[in-house]
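J.: Input: one structure, supplied below.
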Amino acid sequence: MTTIANLTPAQIADELLIAVHRAVEELRTLDAELVRQRPEPARWSIQEVVGHLIDSAANNHQRFVRAQFTTELVFPKYEQNEWIDSQAYNDADWLELLDLWVAYNRHLAHVIRRVPDSALEVRCTIGNYAPATLHFLMTDYVVHLRHHLQKIAERLPS
């Protein structure tokens, strides 16, 4: 895995696309029953994890765009369990969910690639978390996505 903390927006976008495209081919082969199984009642299914990644894309899309037009961004915390529950991702069509996830990340890569250098240090406060720069949020988005993809891979049969 590439360390992305010091990469340019274009390089971050490239890393995002690489991660998505490496994962999606294997994810497309997974059986619908397998992806809907929860390993434990309180843990998300693979399909719900992909839903969470869509939610993360949606929240970060707003952050990445809005931070470019202000000197400081204050944005609400993402209530992940509420979002997962309200959207019933396990009831969605698996392949359509994957298509949405891929398309959203392609668009985010496009957005990230266009972030001007002048916006990279914009201070962003998300919920009650410590402030971070827009650059950090973009790199952290890719790190977060990779983390969840690794956790999915660990759950798959050999």
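J.: Among the candidates GLU48, GLU40, which residue alone is under 19 Å from ILE152 (Cβ atoms) and outside any helix (DSSP H, G or I)? First the steps, then the outcome.
T.: Working: GLU48 fails: outside any helix (DSSP H, G or I).
The unique qualifying residue is GLU40.
J.: So, one more: From the residues in the range 104-127 that are of a type in the set (Val, Ile, Thr) and touching a helix residue (DSSP H, G or I) at 6+ places or on another chain (Cβ under 6 Å), which one is surrounded by the fewest Cβ atoms within 10 Å (Cβ to Cβ)?
T.: Looking only at the range 104-127, we keep the residues that are of a type in the set (Val, Ile, Thr), and these are 111-112, 115, 122, 125-126.
Now narrow it down to the ones that are touching a helix residue (DSSP H, G or I) at 6+ places or on another chain (Cβ under 6 Å): 111-112, 115, 122.
Working: VAL111: 17, ILE112: 27, VAL115: 22, VAL122: 21.
Step by step, filter the range 104-127, then rank; the result is VAL111.
J.: Looking at the range 55-100, which of its residues are farther than 30 Å from ARG123 by Cα, not charged (D, E, K, R) and not in a helix (DSSP H, G or I)? Even if it seems obvious, please write down each step before you answer.
T.: Residues of the range 55-100 farther than 30 Å from ARG123 by Cα: 85-99.
Restricting the remaining residues to those that are not charged (D, E, K, R) gives 86-90, 92, 94-95, 97-98.
Within the range 55-100, ALA88, ALA92 qualify.
J.: Taking TRP101 as meeting all but one of (1) buried (at least 16 other Cβ atoms within 10 Å of the Cβ); (2) more than 20 Å from VAL143 (Cα to Cα), write down the number of the exception.
T.: The single condition TRP101 does not satisfy is (2).
J.: Let me ask you something else. Looking for whichever is in contact with a Lys or Arg (Cβ under 8 Å, 6 or more places away or on another chain) and more than 24 Å from ALA10 (Cα to Cα) here; the options are ASN81, ASN90. Which one fits? Reasoning before the result, please.
T.: Values: ASN81 fails: in contact with a Lys or Arg (Cβ under 8 Å, 6 or more places away or on another chain).
One residue alone meets the criteria, ASN90.
J.: Are there any pairs, at least 6 apart or on different chains, whose C-beta atoms fall under 9 Å, with the first in the range 130-153 and among the polar types (S, T, N, Q) and the second assigned to a helix (DSSP H, G or I) and buried (at least 17 other Cβ atoms within 10 Å of the Cβ), and if so, which?
T.: THR133/ALA67; THR139/ILE12; THR139/GLU15
Read-outs throughout are calculated quantities, based only on the coordinates presented, and are distinct from any laboratory measurement. Keep in mind that this is a model prediction, so the values were computed, not measured. Methodologically, a virtual Cβ is constructed for each residue, glycine included, from the backbone with ideal geometry; neighbour enumeration extends over all protein chains shown.
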